[in-house]
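Data block below; observations after.
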Amino acid sequence: MRKSKPKPNTKQSGFIRLISGKHKGRKLPVHDVAGLRPTTDRMKETVFNWLMQDVRDANVLDCFAGAGSLGFEAISRFAAHGTFIELDKKAAAQLASNATLLKLDNVDIINHDALAVLASNPKQKQYDLVFIDPPFRKNLVSPCCELLESNAWLCESALIYVEFEQEAQPDIPQHWQILKEKQAGQVICRLYQR
C-alpha cells in the first residue's frame, strides 16, 4: 500500500472580492493566518462610499494589510499607488502574488512590522489615504496614529480610516477630525481627516 504524501501547509481560508473599479468582481485568494480578519464586502462598501470622491489618484498606505482587502479595493478604484505593510510572511507573500495576478505595477509590499516601518520617515512619498485595521486586542491603533503623525507620513489633509474593537478607544491626534463613524457589532469604524 502506497503512503500518501502530507499536503503542504498552505491552507486557504477563502478569498476577498473586489467590488468596484477596473478589477470589479475579481476574487483574490487569502491564506488562513492567525488574527487575519479580511474586511467584509458590506463594510468595504460602506468605507468606499465614504471615500467615493477621494480614492482616484491617491497615494494609499495600508498599515496592517492582512489580505489587502482595503488596499486592493483602492487600487481597483484608480488610486495612484498602494503601499501594503504586513508582518506575517505568508500573508505578505499572498499580497505579492495577488498583485502579480492583477498585473499591478503600482503596489509595494513591505513584509515587516508596521510600527517599525512607521518609526522612520517615509522614503519617497506622503500618503493621501491611510487604512489602519490591525489585529484586535494588541493596542496597535494609538501608536500607529502617533507614528504616522510624528514622522511625516501624511499629506496635509490626509484621510485616515481606523477600525478597532469597541472596548479599545484609542488615542487619536487632536487635530484629526471625525468625518464618519459606524459601529458593526463590537467593531467601530471611523474616517478621520487630518
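Just a few scattered comments:
- Members of K44/K180; K24/K182; K24/K44 lying beyond 21 Å, as alpha-carbon distances in this model show: K24/K182
- Computed over the chain, relative contact order equals 16 percent, with contacts defined as Cα pairs under 8 Å that lie 6+ residues apart.
- Among the GluC sites (Glu not before Pro) found in region 93-194, those both in a DSSP coil and sparsely packed, with 15 or fewer other Cβ atoms within 10 Å of their Cβ, are E167.
- Neighbour net charge for A114 - beta-carbon separation under 12 angstrom, K R +1, D E -1: -4
- Distant-in-sequence amide H partners of A158 (H built 1.01 Å from N, under 5 Å): R194
- Just the protein heavy atoms count here, and of the accessible area of the chain at 1.4 Å, carbon and sulfur take up 48 percent.
- Taking a sphere under 14 Å around the Cβ of P143 and counting the other residues whose Cβ falls inside, with K and R at +1 and D and E at -1, yields a net charge of -3.
- Charge tally for S20 (other residues, Cβ to Cβ under 10 Å; Lys, Arg +1; Asp, Glu -1): +2.
- Accessible area of H31 in the full protein assembly, 1.4 Å probe (Å², nearest 10): 30
- Debye, to nearest 20: dipole size of the chain, +1 on Lys, Arg Cβ, -1 on Asp, Glu Cβ: 1320
- Across region 36-135, Cα pairs under 8 Å and at least six residues apart give a relative contact order of 33 percent.
- Listed peptides 93-101, 44-52 by packing density, highest first (mean Cβ within 10 Å): 93-101, 44-52
- Centre separation in Å (Cα based) which lies between region 89-153 and region 172-194: 19
The values are calculated or read from the model by the stated rules, or taken from the named source; none is laboratory data. Note that the structure is predicted; figures quoted are calculated from it, not measured. Cβ atoms come from the backbone with ideal geometry, glycine included; neighbour counts cover every protein chain shown. Calculation scope for accessible area: heavy atoms of the full protein, side chains included, ligands and nucleic acids excluded. Shrake-Rupley method; radii C 1.70, N 1.55, O 1.52, S 1.80 Å.
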